[in-house]
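Undergrad: One structure, as structure tokens, below. Some questions next.
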Amino acid sequence: MGYLRIFNPHPVKTGDEAQAEDLLLEVHLRDPILQVEVGKFVSGTEMLHLAVLHSRKLCVYAVSGTLGNVEHGNQYQITLMYEHNLQRTACNMTYGSFGGVKGRDLICIQSVDGMLMVFEQESFAFGRFLPGSLLPGPLAYSSRTDSFITVSSCRQVESYKYQVLAFATDADKRQETEHQKLGSGKRLTVDWTLNIGEQALDIRIVSFHQSASSVFVLGERNFFCLKDNGQIRFMKKLDCSPSSFLPYCSVSEGTVNTLIGNHKSMLHIYQDVALKWATQLPHIPVALRVGCLHDLKGVIVTLSDDGHLQCSYLGTDPSLFQAPIIESRELNYDELDVELKELQKVIKDFKSQGIWPMTEKEDDLEVSAIVSPNFDSVSQATDVEVGSDLVPSITVKVTLKNRVVLQKAKLSVYVQPPLVLTCDQFIFEFIEPEMTSTVAFSVYLKRNYTPSELEGNAVVSYSKSTDRNPDGIPRVIQCKFRLPLTLICLPDQPSKSAVHKLTIDTNKSPVSLLSLFPGKSWLRESFSALGLACGSTHSGLVSGFANQSDDDQVNVMGFRFIGGSQVTLLASKTSQRYRIQSEQFEDLWLITNELILRLKEYFGKQGIKDFSCSFSGCMPLQEYFELIDHHFELRINGEKLEELLSERAVQFRAIQRRLLTRFKDKTPAPLQHLDTLLDGTYKQVIALADAIEENQDNLFQSFTRLKSATHLVILLIGLWQKLSVDQIAILEAAFLPLQEDTQELGWEETVDAAIAHLLKTCLSKSSKEQALNLSSQLNMPKDTSRLKKHITLLCDRLAKGVRLCLSTDAAAPQTIVMPGGCAPIPESDLEERSVEQDSSELFTKHRFFMEESARPDVLALQGVLE
């Protein structure tokens, strides 16, 4: 079947099955394998290589391995060094140091028609036909006499010197034996022959010592031991038909042990001609070897014709273990108490340091990333799909500085789609310490929708060598960088009205947007847009803005995403609030996050440390649920399209089979419109494949928008409940578990399982809910109602003051009720259903101002908006 397998068997108990790690390598070579040998077959090196003989090809491979951290992490592979395409069908081969060469092995292949082909590693040496050859027999090489020994179809053992083969007439110029000239000097002559009167199964050469060697021939009814000159040393008549044999040196000097397997599944061990041992095997051995495996000497390896590999040994395994004598001594319980307290203190100190060991103060590799302050003079954006907008690109430089010698450090850069990189993979070779390498690449927007984040990640993986592991321990270091908002956003006129609005409260006086978003382009575009968009009702406000072009009091600014929607940012002059509004709910995320980051940076530069943001409106869950439903609908459509495509493919193959049957029929029959049906089915298959591709593209865009909306909801929950960084990290792990969304493992079922786990642990109302009853397998749900109910319950319990943490001990509900419009947690299923209805009405509000319309500052801000 062409499979090459390499095993490293481990000892197991009787009756245990084979271990998976015993198979080191399995390769499908496609062509049937006739024989496998190991030797020095590659020029320039004395390392062992693997020679594999196929019927029309000889291949030589190098076997190499990569050491892993654990035993089952080791990896092995084979590499083709060279191959020879044979002109004749091969039968078997042998190898050795032909002609007395040193440090390398040559290969001799016998073809089915009796030709010997000699290969000197990568080159073909010569080919010779054996005289009178009819059927090929077993072939062996004797290094002591430098000759090839085979058994011809005349049932006689023949020996040919290598030098005679090398100087004989070339096989291409062969003439019949009776026409050869006796005095030519190039006639192929045999060294010696011996008639054994039966066909041979195998030939083996065994050396006793430096001065003598023996030729063992296994016949159909006997096995023979011959001297170097062809004389019989001894022979043994066998009782059963043999299947394989293996002679090897005996412990007794001057004798040879021989393993002979027969077709009765028996294994006989002979010392010369005396039977020393007989044992039953579970199969008929077609190949026999003796070796040393895992310090166990004399292991007999047998192989059956159906591929059963067995490692066994003769005799019994004696137990050499003796229980040591136990010293009887009295125990000092006071000393044991002191030792126990010391050990408990060591364990407590170790736990306080964390599970993982502390990292070194100085890393082996330093990684830093710098984003260029300006766009590229010539944009590197290619193949963009964002309409008529000009797409800029920006350069990012990543610098690596090593402290020690590192081999093959690999840098991988990742940004959120639809942002793309001009190059995302780099390889470094730090052959000396204190080397510095810098790479540069450009980032640009490729598609006409916004990414979920502007943060990029540069990850470097390398191996550090240690005394215990010279091949190195894999390590990873990463560096994050933030791309500018202007890469995906353009200044635009502010919008007077928008569907989605939210308000962020702060504890400090409002800041001019010009201070937060510096740059003349933003200011010029915002001013001109405001003067064109606002009417005479607010002319005083407009003239005030226009006349303050050099002032820093700018409280309205417009943004437009490249190929996307508009977002308007407003700052109140009197209250400490900022409003963000847009036509698309998910587009609020990037501007809101950018505003909060720039506010923190602005007040941080002024030395103000108590700056904080908050959100006091209702959570926009209804808008969030609409994006979840749209994403889930696309997943359902993809599943239906794949089922239709599978049905049409089955139909297409069935029509093909019927047409093929009609065409093969000797009596032609009408096609009965099968060709028309085939053409129509083909068009349906192509149309369904196009529809699946389009749906997958829409699903990818929907997942990106869903991630943006999820980031926004997590941000609002954090501002609403004043969550810490660790608590926000728990929410991000629950709501954003996947980087990619697939049909097999989707966002809905993964997030639902994570939120259900939080509700049953740290957000549980009582200890009864902490009994986990989660499904072990995630399946695509029928709808999103359960997920939406769990998200609503999570917000309700956070509103009631339940602490969000990973420890269930700290999950006791608190009595403090945080501000917001969330209903109480239901105490029963009936109450839960009623609360779901109230919550659905509660979270449908689109306005996020508190009911303080009578305040003058709110009236002024609403006047600017409307």
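The values are calculated or read from the model by the stated rules, or taken from the named source; none is laboratory data. All values derive from a computational prediction rather than experimental measurement. Here Cβ is always computed from backbone atoms with ideal geometry, including for glycine, and neighbour counts include all displayed protein chains. All accessible areas refer to the heavy atoms of the entire protein, side chains included, with ligands and DNA or RNA removed. Shrake-Rupley method; radii C 1.70, N 1.55, O 1.52, S 1.80 Å.
Undergrad: Cut-off under 23 Å on the C-alpha distance; same-chain residues fewer than 8 positions from Lys683 excluded. Which lysines are left, in chain and number order?
TA: Once the sequence-local lysines are set aside, what remains near Lys683 is Lys640.
Undergrad: Could you please report the charge total around Glu455, scoring K, R as +1 and D, E as -1 over all other residues with beta-carbon less than 10 angstrom from its beta-carbon?
TA: +1
Undergrad: Here's another thing I want to ask about it. What does the extension gain come out to for Leu336 and Phe126, with contour length at 0.36 nm per residue minus their alpha carbon separation?
TA: Here the segment from Leu336 to Phe126 would lengthen by 67.4 nm.
Undergrad: Here's a follow-up. Determine the gain in length on full extension of the stretch Ala287-Cys249; use 0.36 nm per residue of separation and subtract their C-alpha separation, reporting nm with one decimal.
TA: 11.9 nm
Undergrad: Past 23 Å, Cα to Cα: identify those pairs from Lys401/Lys480; Lys264/Lys297; Lys707/Lys789; Lys760/Lys788; Lys573/Lys800; Lys707/Lys788, in the order given.
TA: Violating the 23 Å limit, Cα to Cα: Lys264/Lys297; Lys573/Lys800.
Undergrad: For the pair Arg482 and Gln743, what calculated FRET efficiency results from E = 1/(1 + (r/R0)^6), where r is the Cβ-Cβ distance and R0 = 35 Å, to the nearest 0.05?
TA: 0.60
Undergrad: Gap in Å between the Cα centre of region 412-451 and the Cα centre of region 249-268?
TA: 65
Undergrad: Shape verdict for region 551-702, please, from the Cα gyration tensor: rounded (a/c under 1.5), prolate (a/b greater than b/c) or oblate.
TA: prolate
Undergrad: Please calculate how many Å² of accessible area region 1-83 carries per residue, with a 1.4 Å probe and no DNA, RNA or ligand atoms counted.
TA: Per residue, region 1-83 has an accessible area of 65 Å².
Undergrad: Can you give me the convex hull volume of the Cα atoms of region 655-779, divided per residue and expressed in Å³?
TA: 162
Undergrad: Right, next: Under 16 Å Cα-Cα from Lys276, which lysines qualify once same-chain neighbours fewer than 8 residues away are excluded?
TA: Within the straight-line limit of under 16 Å, Lys276 reaches these lysines: Lys236, Lys237.
Undergrad: Right, here's the next one. Cα atoms only: what Rg and Dmax, in Å, come out for region 191-264?
TA: Here Rg and the maximum Cα pair distance are 12.3, 38 Å.
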